[in-house]
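In what follows, a structure is listed as structure tokens, so that the remarks can point back to it.
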Amino acid sequence: MTFSELLNLDQVPTQSNPLHRPGVPDKVHKGGESHPAVKQHTTVDATIPSKQKSMSSRHHDTTNPRQQDSRAFTTVKRLRQAVKRIGKEAATHRFTPQEKADLAQIIYQQGRKGIKTSENEIVRIAVNWLIAEHRARDKQSVLAQTLKALRD
């Protein structure tokens, strides 16, 4: 899962149908044509003037890079504030040798970039992100879905 996909997880969709327009029922789109909810892209008829073609694409645009940067900044800011507080509760976690090696590799790579970090700091970032994402998405969260998959 990429960083941008992780950032998109803390978004709650506002509309189930990407073609939905206020005042138009979900299954009927301009001209009375029926669109299944799973259809995300429509074909543009060659008879539609070019101005209308460009206007129809706005219903399918992905997130603006500025919006992604803003969300990333907000998420990072929230995580930074949470991890900056000194944790005083002791905890013991059992990691696999591969998990420990992966964490050590991240710590080493960040150190080469001049960023001093620790296993504790990385794990706290991960835990705080999981909690925030779970609060925002509940049953659709990565945590809830993974826990469910572990029990299936």
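What follows draws every value from the coordinates through simple rules; no lab data is involved. The model shown is predicted, which means the values in this text are computed figures rather than measured ones. Because the Cβ atoms are built from the backbone with ideal geometry, glycine has one as well, and the counts that use them run over all protein chains shown.
Would you pick out the residues in the range 80-90 that are in a helix (DSSP H, G or I) and free of Cβ contacts under 8 Å to residues at least 12 places away in the same chain?
ARG80, GLN81, LYS84
Can you find, within the range 130-152, the residue that is surrounded by the fewest Cβ atoms within 10 Å (Cβ to Cβ) among those that are under 19 Å from GLU89 (Cβ atoms) and out of contact with any helix residue (DSSP H, G or I) (no Cβ under 6 Å at 6 or more places or on another chain)?
Only one residue fits best here, namely ILE131.
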